[in-house]
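The structure under discussion appears below in the form of structure tokens.
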Amino acid sequence: MLHNRINLIGREWFDMQGIPLIKPTFTKMQDRALRCTQLEQTFSDFVDSYLDTHVGISENFLSTALSGHLKDNLVCLFENKLLLAAGTGNETLVAHNKLVRGDSIYWLGREHNDPHENSFFDLMDEFVEYLNRTCYTGITGYEFHYNLYEEGAFYKKHIDQFQQNGTRAYSMIMYLNADWVLADGGELCIHHAGREQLIAPTNGKSVFFKSSEMAHQVMQTNKARMSITGWLKVN
């Protein structure tokens, strides 16, 4: 039977014959624990801001690296003419009217086997688990699409939840716009009772609100405006 010993200088593991074994995984375990703690804090801050104002805002829900990869995916889809004009209506009747909505979309899916989309879905799985565990939201699924507003595009005031279908519980938007400035426009305008809230679509910013309650619109953008948009759903 082999007995392990630790070389404290090199932090390497050997058997009794001096053959290197697998290095200890304490660092990896610590890194994972730290990541989980940081995620929990990010989720907690996100939900707290929602509880305070009915509109949750997080500056770091998406990491800089992940938002960059997802933006690259979106640009590639656009260059290959794979984006489709977005419509309005419901699940069975969709109208396309650029005087109401001028953006283009492409649905994300694990079936694409894209590592960055899968990382995004892994993050969403953790967020949904957190919401269901701490807030008893009862979320059972989600759907997300890439979203591109070309220069001059906008989306007039609307509510995300369909009139005859209440499965969309919460709306989420995650922005992928580096170096965005005020003159670029494209703000998300949330209509509260008696006031409007303008949210700039700056890179990495994420927004979270109840789909059935918050009327909102996208103001005209003065350059290409990119995001991932979707809904957390209930049965």
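Some notes on this structure:
- Residue that is among the hydrophobic types (A, V, I, L, M, F, W, C), over 21 Å from SER67 (Cβ atoms) and at pLDDT 95 or above, where the choices are ALA153, ALA215: ALA215
- Residue match in the stretch 130-152 (condition: on the phi > 0 side of the Ramachandran plot and open to solvent by less than 10 Å² (accessible area, probe 1.4 Å)): no
- So PHE14, is it modelled with pLDDT of 70 or more and surrounded by 15 or more Cβ atoms within 10 Å (Cβ to Cβ): no
- Residue within the stretch 210-232 that is under 23 Å from SER104 (Cβ atoms), outside any strand (DSSP E or B) and open to solvent by less than 30 Å² (accessible area, probe 1.4 Å) present: yes
- A count restricted to the stretch 213-231 and to residues that are over 18 Å from GLU143 (Cβ atoms) and β-branched (Val, Ile, Thr) stands at 2.
- If you go through the stretch 191-209 and pick out every residue that is assigned to a strand (DSSP E or B), touching a residue at least 60 places away in the same chain (Cβ under 8 Å) and in contact with a Lys or Arg (Cβ under 9 Å, 6 or more places away or on another chain), you end up with 1.
- Scope the stretch 170-209; condition at pLDDT 95 or above, of a type in the set (Gly, Ala, Ser) and either surrounded by fewer than 21 Cβ atoms within 10 Å (Cβ to Cβ) or over 17 Å from ALA153 (Cβ atoms) (or both); matching residues: SER171, ALA183, GLY185, ALA200, SER206
- Among the residues listed as TYR146, TYR170, TYR130, the single one being hydroxyl-bearing (Ser, Thr, Tyr), closer than 22 Å to ASP45 by Cβ and in contact with a helix residue (DSSP H, G or I) (Cβ under 6 Å, 6 or more places away or on another chain): TYR130
- Flag for GLU40 being surrounded by fewer than 17 Cβ atoms within 10 Å (Cβ to Cβ) and in contact (Cβ under 8 Å) with a residue 40 or more places away in the chain: yes
One line per residue, one yes/no per condition, for (1) part of a loop (DSSP other than H, G, I, E, B); (2) modelled with pLDDT under 90; (3) closer than 23 Å to PHE208 by Cβ:
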position	(1), (2), (3)
LEU62	yes, no, yes
ALA65	no, no, yes
GLY68	no, no, yes
ASP72	no, no, no
VAL75	no, no, no
LEU82	yes, no, no
THR92	yes, yes, no
ASN97	yes, yes, no
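- Selection of the stretch 55-75 for residues being open to solvent by less than 60 Å² (accessible area, probe 1.4 Å) and in contact with a Gly (Cβ under 7 Å, 6 or more places away or on another chain) yields LEU62, SER67.
The values are calculated or read from the model by the stated rules, or taken from the named source; none is laboratory data. Computed from a predicted model, the values in this text were never measured in an experiment. Positions of Cβ are generated from backbone atoms using ideal geometry, with glycine treated the same way; all protein chains shown enter the neighbour counts. To get the accessible areas, we keep the full protein, side chains included, count just its heavy atoms, and leave off ligands, DNA and RNA. Shrake-Rupley method; radii C 1.70, N 1.55, O 1.52, S 1.80 Å.
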